[in-house]
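Participant: Attaching a single structure in structure tokens format; questions to follow.
No value in this document is a laboratory result; all are computed from the given coordinates. This one's a predicted model, so the numbers in the text were calculated from it and none came from an experiment. Here Cβ is always computed from backbone atoms with ideal geometry, including for glycine, and neighbour counts include all displayed protein chains.
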Amino acid sequence: QQTLAKDASKKRCYDFLNMTSRSFAAVIQELDDQLRDAVCLFYLVLRGLDTIEDDMTLDLDRKVELLRSFDQIIYKKGWTFTENGPNEKDRALLVHFDVVIDEFLRLKPEFQSVIANITKLMGNGMADYATGEHRENTSIATIKDFDLYCHYVAGLVGYGLSDLFAASGLESEELAKDKALSNSMGLFLQKTNIIRDYREDLDDGRQFWPREIWGKYADNFSDFIKPENKLKAQHCLSNMVLNVLNDVPQVLTYLSKLKNQSVFNFCAIPQVMAISTLALVFNNLDIYQRNIKIRKGEAVKLILDSTDMDNVVAIFRQYVFEISRKNEATDPNFMEISMAIGRIEQWI
Ligand SMILES: O=C(O)CO[C@@H](C(=O)O)[C@@H](OCCCCCc1ccc2ccccc2c1)C(=O)NCCCCCc1ccc2ccccc2c1
Ligand SMILES: [Mg+2]
Ligand SMILES: [Mg+2]
């Protein structure tokens, strides 16, 4: 009887995974037995934390209290949360969070401590940011603030994944020690999404592009949606893409150090999707009007091709070449982008 109940609650966790993530559910479920459950629960715990962070209808003091204590909440059997607004997309995850906690508490202790440590760091980072000087529209001032915020919400995920890979024995300890490489794995994904999500975030009253960049091209963050600012909008966008390109060499270095096939696929596929998205958004002013996504057919081809390092390098080379072809000599960022591409080509 016990095993039936345990299997049912584990199955529900995978249902929550498939419900809350288009891009990660499939690759997480392909991981080898030693890692699959730990990474699934790592995802669900952090998605639960992010569902608190993302909810703009929550009272700020209440939000901060939850963010800073989430690393203790995950040890409280039976805990659930029903205060999210009705439109919060992953609200159901927290309404049934007791199921996630039950499964989290069944993980090996070393997996639990990796997840709890990252949850504590991320929750406090999110809270510091939510109560910072720009709390009204979550705006980000400098490129340094941009890197710090993305470190909190995504770089730390890279830290935790590398630690889980090492704890499972499927990957080396030294990979987990090289924090800069793990950090870049998160920053590349998060920053690419932040560029792609300009319009969605603007409409939600959030702005994640650093003022140090966009402030060179406009007085207000929303100016870029106006047709008369087309050229400024294009140059601001290429400046953002330039900032993200700088993480590519470290992403390729991280991937080249992986030994386990299922871990390689899990790590490579989101990065390949991101470089494809980056090439799609480069000099593409549609991002100021709507959320653009790579076509389903292209995504399927990328997933099937991303199983070994040579193919992944070839895919990166293809998209970096596409960006260099679209790079315009009249763009003030033209030279910097050419040099960033040069640094990537030394690698590939
Ligand atoms: O609300 C949304 O749907 C999007 O939220 C974004 C936001 O609010 O900024 C934002 O929320 C960030 C805070 C919660 C992080 C949740 C997460 C994501 C992916 C994971 C993958 C595996 C294991 C655990 C994971 C945890 C978000 O989901 N951004 C997507 C990019 C985050 C990438 C994280 C990451 C970092 C390094 C990686 C290395 C290898 C493979 C996957 C990796 C994945
Ligand atoms: Mg989110
Ligand atoms: Mg968030």
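Participant: Using 0.36 nm per residue of separation minus the Cα-Cα distance, give me the extension gain between Thr57 and Glu212 in nm, one decimal.
Facilitator: Full extension from Thr57 to Glu212 adds 53.0 nm.
Participant: Here is a further query. For an R0 of 51 angstrom, estimate the FRET efficiency from the Cβ-Cβ distance between Ser113 and Ala329 and round to the nearest 0.05.
Facilitator: In this case the efficiency is close to 0.45.
Participant: Sticking with this one: Would you calculate a helix-derived [θ] at 222 nm for the chain, using -39,500 (n - 2.57) for each DSSP H run of n ≥ 4 and dividing by the full residue count, to the nearest 500?
Facilitator: Dividing the helical sum by the residues of the chain leaves -21500 deg cm²/dmol.
Participant: Additional query: Each label point is 7 Å from the Cα along the Cα-to-Cβ direction; what then is the distance between the points at Gln289 and Glu173, in nm?
Facilitator: 5.6
Participant: May I have the count of lysine pairs in the stretch 1-158 with C-alpha atoms under 25 Å apart, counting pairs 8 or more residues apart or located on different chains?
Facilitator: 26
Participant: Would you give the gap between the C-alpha center of the stretch 53-101 and the C-alpha center of the stretch 235-283, rounded to a whole Å?
Facilitator: The stretch 53-101 and the stretch 235-283 have Cα centres separated by 31 Å.
Participant: For a footprinting-style exposure proxy, rank Ile213, Ile269 by other Cβ within 10 Å, fewest first.
Facilitator: Ile213, Ile269
Participant: What's the extension gain from Asp219 to Gln2 if we count 0.36 nm per residue and subtract their Cα-Cα distance?
Facilitator: Between Asp219 and Gln2, full extension yields an extra 71.9 nm.
Participant: Using only Cα atoms, find the angle between the long axis of helix 33-54 and the longest principal axis of the chain, and express it within 0 to 90 degrees, rounded to the nearest 10.
Facilitator: It works out to around 70 degrees.
Participant: Which whole-number percent is the relative contact order of the chain (Cα, under 8 Å, 6+ apart)?
Facilitator: Computed over the chain, the figure is 15 percent.
Participant: Could I have the simple spin-label model distance between His96 and Met339, label points 7 Å from Cα toward Cβ, reported in nm to one decimal?
Facilitator: Output for this residue pair reads 5.3 nm.
Participant: Normalised by the residues of the stretch 37-91, what does the relative contact order come to in percent, with Cα pairs under 8 Å and at least six apart?
Facilitator: 42
Participant: Turning to a different aspect of this structure: What is the dipole size for the chain, taken about its Cα centre, with +1 at each Lys and Arg Cβ and -1 at each Asp and Glu Cβ, in debye to the nearest 20?
Facilitator: For the chain, the charge dipole is close to 480 debye.
Participant: For labels at Asn246 and Gln346 in the simple 7 Å Cα→Cβ model, what's the distance in nm?
Facilitator: 1.5
Participant: How high is the FRET efficiency from Tyr75 to Lys259, r the C-beta distance, R0 30 Å, rounded to 0.05?
Facilitator: 0.35
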